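Visitor: Let me give you the structure first, and then I'll get to my questions.
The values are calculated or read from the model by the stated rules, or taken from the named source; none is laboratory data. Bear in mind that the values here come from a model prediction, so they are computed numbers and not experimental data. Every residue, glycine as well, gets a Cβ built from its backbone with ideal geometry; the counts of neighbours run over all protein chains shown.
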Amino acid sequence: MDGLLIDSERLALAAFNNTCELFKLGDMSQLFTHLIGINSTLAQSILRRELPVEINYQQFDQLWQQNYLQAINRAPLALMPGVHKLLKRLQLQGMPMAVATSSKTQQAKQKLKGSAIHDYFSFIVGGDQVVQSKPQPDIYLKVAAQLAVSPVHCLAFEDSKNGVKAAFAAGMTVVQIPDLVAPDDELLALGHIILTQIDQVLEYNFCS
């Protein structure tokens with residue numbers, strides 16, 4: 001969702017960098033890339049492991065989230081290019097759509113409503129609804145089950161490495177639109193579809 005449907009990943013990075021400055025940390029941008037596309041439980045585990053021992057990782061995470069929420073509440077969140085066009089087309093075709101996001105469910109609903117795209121989706125599965133975060137497939141398997149559709153008949157859109165790996169592990173067809181981080185060799189080896197804008201997928205025929 002973040003960085004795929006809504007242009008919010010840059011706000012998360014800015015809030016992260018601001019928090020690093022408050023804790024007098026240097027450049028931690030590489031750490032941020034490992035936090036993209038995972039739920040809060042796994043994120044805290046990584047922060048605990050990677051931050052200097054003198055830093056209280058829970059305080060760091062709390063302040064980061066506060067800074068981030070303040071940023072997204074200041075103004076309406078912009079949609080990523082092509083999102084509205086794609087959602088309208090799929091809605092006209094009667095395609096069932098759901099959101100599988102590592103964000104907490106209520107926060108995800110708030111963002112989607114603030115971006116005026118909430119009503120396109122039948123339901124939202126947040127990272128707080130599954131035990132194992134992306135890159136494990138749990139969240140996508142839960143979405144497929146609620147849609148009553150086999151994962152092999154689902155098309156998953158992702159921007160992050162963790163999200164792509166989760167959808168791929170679930171057995172779905174994966175379309176990636178990278179945002180802040182380009183696909184690495186490990187990801188490219190999966191052979192999934194990579195686009196520069198989400199509505200470019202309309203040029204594909206997945207029924208053949």
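Visitor: Quick one: what pairs do we get from region 180-201, first residue within 22 Å of Leu87 (Cα to Cα), second among the hydroxyl-bearing types (Ser, Thr, Tyr) and at pLDDT 95 or above, C-beta under 9 Å, 6+ apart or different chains?
Guide: Close Cβ pairs (under 9 Å, with a partner that is among the hydroxyl-bearing types (Ser, Thr, Tyr) and at pLDDT 95 or above) amount to His192/Thr173; Ile193/Thr173.
Visitor: Please indicate, with yes or no, whether at least one residue in region 97-117 is in the same structural domain as Asp199 (by TED's automatic domain parsing), farther than 21 Å from His192 by Cα, touching a Phe, Trp or Tyr at 6+ places or on another chain (Cβ under 9 Å) and free of Cβ contacts under 8 Å to residues at least 60 places away in the same chain.
Guide: no
Visitor: Take region 115-127 and flag every residue that is surrounded by fewer than 16 Cβ atoms within 10 Å (Cβ to Cβ) and part of a helix (DSSP H, G or I).
Guide: Of the residues in region 115-127, the ones surrounded by fewer than 16 Cβ atoms within 10 Å (Cβ to Cβ) are 116, 118-119, 122-123.
Listed by number, the residues that qualify are His118, Asp119.
Visitor: Given the conditions (1) buried (at least 20 other Cβ atoms within 10 Å of the Cβ); (2) part of a helix (DSSP H, G or I); (3) out of contact with any Phe, Trp or Tyr (no Cβ under 6 Å at 6 or more places or on another chain); (4) of a type outside the set (A, V, I, L, M), report the number of the one that Gln70 does not fulfil.
Guide: All conditions are met except number (1).
Visitor: So Pro135 passes all but one of these: (1) in contact with a Lys or Arg (Cβ under 8 Å, 6 or more places away or on another chain); (2) surrounded by fewer than 18 Cβ atoms within 10 Å (Cβ to Cβ); (3) of a type outside the set (D, E, K, R). Which condition number does it fail?
Guide: Unmet for Pro135, out of (1) in contact with a Lys or Arg (Cβ under 8 Å, 6 or more places away or on another chain); (2) surrounded by fewer than 18 Cβ atoms within 10 Å (Cβ to Cβ); (3) of a type outside the set (D, E, K, R): (2).
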